[in-house]
Amino acid sequence: MERMTRNRVSILALMIASLSGGIVYRLADIQVLRSEKFRSLADRQHESRETVLAMRGTIYDRRGRELAVTVRTQQLYVNAARVDDPRDAARRLATVLGTSASKLRRRIEGATRAHTRIWHGIDLDTARRLRRMDLFHGDRPAFELEPEYRRSYPNGRLASHVIGFAGSDLIGRS
C-alpha cells in the first residue's frame with residue numbers, strides 16, 4: 001500500500017515537473033528566443049505614422065486684400081463593415097450632401113478598407129448637419145468626418161501668374 005502511494009506521488013511530481021518545465025520553456029521561447037519578433041509586432045500595432053501638412057498662409061495684395069486663402073472643409077470616411085443598411089445610409093447622406101443616393105451607395109459598398117474616404121470638400125455648415133445624424137454616433141460609428149483644407153482664390157485669376165496654384169493636397173503646382 002505504501003509503495004502504491006509512493007508511485008502515485010512520484011507520477012504526480014513528474015507531471016507537475018513536466019508541466020512546469022513546459023511553461024518555463026514557453027516563457028523562454030517568447031521572452032528570449034522570439035522576443036524581437038514580438039517586439040516588432042507590438043510596435044506595428046501601437047505606432048503609426050501620418051504626415052500632416054502645415055496649413056498654407058494667406059496671400060495679400062499691397063492693400064491688404066486676400067488673393068489666396070486656405071479654407072477648412074471636411075471629408076467623409078466610412079467603415080463599410082459597420083454599415084447596417086447601405087441603401088438607407090446613402091439615401092440619408094445624399095439629402096444632406098445634395099447628391100444622388102445611388103452614387104453614395106456605390107462608394108459605400110465599394111469601400112475596401114476600414115477607413116475609406118467617400119466624399120470631400122464638405123463645407124462646415126453641412127458637416128454640422130451631418131454630425132447631428134445618428135450615423136455618426138454610438139460606440140463604433142460607421143461614418144466619420146475629418147478636417148481637410150483647400151486653397152481658394154477670392155479674385156479668381158487675378159495675379160495668378162504671380163501667386164501660383166496649389167492642388168487639393170495643398171502642395172504647390174505652379
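Taking every DSSP helix (H) stretch of at least 4 residues in the chain, weighting each as -39,500 (n - 2.57) and dividing the sum by the residue count yields a mean residue ellipticity at 222 nm of -13000 deg cm²/dmol. Among 79-90, 146-157, the peptide with the highest mean count of other Cβ atoms within 10 Å heads the list, and the full ranking is 79-90, 146-157.
Surface composition of the stretch 90-146: carbon plus sulfur atoms contribute 44% of the solvent-accessible area (1.4 Å probe, protein chains only, all chains present). For the pair Met133 and Glu109 in one chain, pulling the backbone fully straight at 0.36 nm per residue adds 6.7 nm over the alpha carbon distance.
Between Gly57, Gly121, Gly138, the GNM of the chain built on Cα springs shorter than 10 angstrom shows Gly138 fluctuating the most. Counting 0.36 nm for each residue step from His161 to Thr116 and taking away their Cα separation leaves a gain of 12.6 nm. Across the stretch 43-111, the relative contact order, built from alpha-carbon pairs under 8 Å that are at least six residues apart, equals 20 percent. Alpha carbon centre of the stretch 1-38 versus the stretch 53-118: separation in Å? The stretch 1-38 and the stretch 53-118 have Cα centres spaced 58 Å from each other.
Inter-label distance, Ile16 to Arg62: 9.5 nm, where each label sits 7 Å from its Cα along the C-beta direction. State whether the stretch 13-166 is rounded, prolate or oblate according to the following rule on the C-alpha gyration tensor (a ≥ b ≥ c being the square roots of its eigenvalues): a/c under 1.5 gives rounded; otherwise a/b larger than b/c gives prolate, and the remaining case gives oblate. Here the stretch 13-166 falls in the oblate category.
What FRET efficiency do you get for Tyr25 and Gln45 if R0 is 35 Å and r is their Cβ-Cβ distance, rounded to the nearest 0.05? The calculated FRET efficiency here is 0.85. Along the charge dipole of the chain, Cβ charges K/R +1 and D/E -1, which of Gly164, Leu93, His115 sits furthest on the positive end? Positive-most Cα among the choices belongs to Gly164.
Potential lengthening of the chain between Asp123 and Ser102 amounts to 5.4 nm, from the contour at 0.36 nm per residue minus the alpha-carbon distance.
Couplings for the stretch 72-79, taken from phi via the Karplus curve 6.51 cos²θ - 1.76 cosθ + 1.60 with θ = phi - 60°, read 7, 10, 10, 10, 9, 10, 10, 10 Hz in order; Gly and Pro are left as x.
The values are calculated or read from the model by the stated rules, or taken from the named source; none is laboratory data. Everything quoted here is computed from the prediction, not taken from an experiment. Counting neighbours? That spans all protein chains shown, and the Cβs are built from the backbone with ideal geometry, glycine included. These accessible areas exclude ligands, DNA and RNA; they are computed on the full protein's heavy atoms, side chains included. Shrake-Rupley method; radii C 1.70, N 1.55, O 1.52, S 1.80 Å.
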